[in-house]
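Novice: Before I ask anything, here is the structure I am working with.
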Amino acid sequence: MSKPKIALYWCSSCGGCEEVVVDLAENILKLAETFDIVFWPAVLDFKRADVEALGDGELAFALINGAVRMSEQEYMVKLLRRKSKLVISHGSCACFGGIVGLANFSSKQEVLNTVYKDLPTVNNPCGIIPQEKTEEFGRTIELPAFYNTVKSVNQVVEVDYYLPGCPTTPELITDAIAAIVEGKLSGKGAVLADSRVLCDTCSRRDSKPERLTIAEFKRVYETELDPERCFLEQGVICLGPATRGGCKERCLKGNMPCRGCFGPLDNVSDFGAKCVSMLASLLGAKDPQDIKKIMDSIPDKAGLFYKYSLAVSLLRGKVNE
């Protein structure tokens, strides 16, 4: 009997989500025993035509990581949606736009100018920027269109399930695949991770005082971090009280605070606003000038609070004329 077919695809991201699939280690053999991997261009030599030749709904599921920035990515996401019974957004970039979504604070032209003209390491005296179509030596060279904004996968197609994280964990992938095989998936649209905030399960939570007030925020290089104490109690910003758990505390175990890559709980419409609200409740000041002084100790508020979620936030990004 033929095995169910699956596909894995990589849009705009760093590639860490591809690495975490490889980190399944020996479990990747079980994946191959259970499913027929018919498309995984980051690892095996598959072509777009292989997917186009499949019947609609022929794939059991597609695991898509990365945000959508290019026309080629939009085409592939829509194609995989049509060919798949289930689409799973895999990683923060696919779920929320991710770090690449911070580009939405800049216009398309500003991004291109920075990459191809303005960086000190760039040697481009003619100021050439890649074009969608270029005529050269009697040939037409075509590149995918570079869109004005970064989008999460669910802003392009309907998504059935979400595996958040930058990257997510091998355990969550294994659990998700097992739930698919056993028919035990949660309701459509569910986030396949913990339903509690990270703070609820944090190994440092007992060191957090009942009433915590902060008079100044310190950056991690400005203090010697105690590996046992709550980061917030040490005056270092940690987004654990607002962030979904399930990450295995990888950053915390490396003595680094949470930066929110697992995103919000289900009832939160804007993760950045939730983080601001959480920190505001901890400020040990009432005078407006004192509050401003404390907040001024955060150098990049937008980059911190919307590091992974700008594309799906109420802000969405910079308003470009």
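Here, each number is a calculation from the coordinates, and none is a lab measurement. Computed from a predicted structure; not experimentally measured. Here the Cβ positions follow ideal geometry from the backbone for every residue, glycine too, while neighbour counts run over all protein chains shown.
Novice: How far apart, in nm, are two points set 7 Å out from the Cα along the Cα-to-Cβ line at Glu228 and at Ser277?
Specialist: Going by the 7 Å Cα→Cβ label model, 3.5 nm.
Novice: In whole angstrom, note down how far apart the Cα centers of region 146-171 and region 1-72 are.
Specialist: 14
Novice: Return Leu314, Leu212 ranked ascending by Cβ neighbour count within 10 Å, so the fewest neighbours appear first.
Specialist: Ordered from fewest to most neighbouring Cβ atoms within 10 Å, Leu314, Leu212 come out as Leu314, Leu212.
Novice: Under the 0.36 nm per residue contour assumption, what length would be gained going from the current alpha-carbon distance of Arg196 and Lys184 to full extension? Mind dumping the intermediate values first?
Specialist: Values: separation 12, 0.36 × 12 = 4.32 nm, distance 2.01 nm.
Fully extending the segment from Arg196 to Lys184 adds 2.3 nm.
Novice: For Tyr75 paired with Leu44, estimate the spin-label separation in nm (one decimal), with each label point 7 Å from Cα along the Cα-to-Cβ line.
Specialist: 2.3
Novice: In a Gaussian network model over the chain where Cα atoms closer than 10 Å are linked, find which of Ile294, Ile177, Ile129 has the largest mean-square fluctuation.
Specialist: The residue with the greatest mean-square fluctuation here is Ile129.
Novice: Name the residue, out of Val122, Val153, Val220, whose mean-square fluctuation peaks in a Gaussian network model built on the chain with Cα pairs under 10 Å.
Specialist: Its mean-square fluctuation being the largest, the pick is Val122.
Novice: Using the alpha carbons of the chain, what is the convex hull volume per residue in cubic angstrom, as a whole number?
Specialist: Normalising the Cα hull of the chain by residue number yields 181 Å³.
Novice: Further question: When DSSP assigns beta bridges and you keep just the ones with both residues in the chain, what percent turn out antiparallel, to the nearest 5? Display every interim value, and only then the final one.
Specialist: On the way: 8 of 29 bridges.
Here the antiparallel bridges make up roughly 30 percent for the chain.
Novice: For region 61-78, what does the Karplus curve 6.51 cos²θ - 1.76 cosθ + 1.60, with θ = phi - 60°, yield as ³J(HN,Hα) per residue in whole Hz, taken in order and with x for Gly and Pro?
Specialist: Here the 3J(HN,Hα) series is 7, 10, 9, 10, 10, x, 8, 9, 10, 10, 4, 4, 5, 4, 4, 5, 5, 5 Hz.
Novice: Shifting gears a bit: In debye, nearest 20: dipole of region 198-312 around its Cα centre with unit charges on the Cβ of K, R (+) and D, E (-)? Intermediate results must be reported in sequence, preceding the final value.
Specialist: Working: 18 positive and 16 negative charges, 53 e Å.
The calculated dipole for region 198-312 is roughly 260 debye.
Novice: Can I ask one more? Please state, rounded to one decimal and in Å, the Kirkwood hydrodynamic radius that region 198-312 gives when every pair of distinct Cα atoms enters the mean of 1/r. Each step should come with its number before you reach the end.
Specialist: Details: mean 1/r = 0.0688 Å⁻¹.
When all Cα pairs of region 198-312 are included, the Kirkwood radius is 14.5 Å.
Novice: Follow-up. In nm, to one decimal, how far is the Met256 label point from the Thr34 one, both placed 7 Å along Cα→Cβ?
Specialist: Reported label-point gap for Met256 and Thr34 is 3.0 nm.
Novice: On a straight-distance basis, which aspartates and glutamates could pair with Lys3 in a cross-link, Cα separation under 20 angstrom, same-chain partners fewer than 8 positions away excluded?
Specialist: Glu26, Glu33, Asp36, Asp45, Asp50, Glu52, Asp56, Glu58, Asp175, Glu182
Novice: Continuing with this model, one more query. Which of the peptides 96-105, 266-275, 3-12 is most tightly packed, and how do the rest follow, judged by the mean count of other Cβ atoms within 10 Å per residue? Present the calculation step by step, with values, prior to reporting the outcome.
Specialist: Values: 96-105: 24.4, 266-275: 17.3, 3-12: 21.6.
Ranking, from highest mean packing down: 96-105, 3-12, 266-275.
Novice: With the Cα gyration tensor of region 155-240 giving a ≥ b ≥ c as the square roots of its eigenvalues, does the rule (a/c under 1.5 for rounded; else a/b larger than b/c for prolate; else oblate) give rounded, prolate or oblate?
Specialist: prolate
Novice: Sticking with this structure for a sec: Cut-off under 23 Å on the C-alpha distance; same-chain residues fewer than 8 positions from Lys286 excluded. Which lysines are left, in chain and number order?
Specialist: The qualifying lysines are Lys208, Lys218, Lys274, Lys301.
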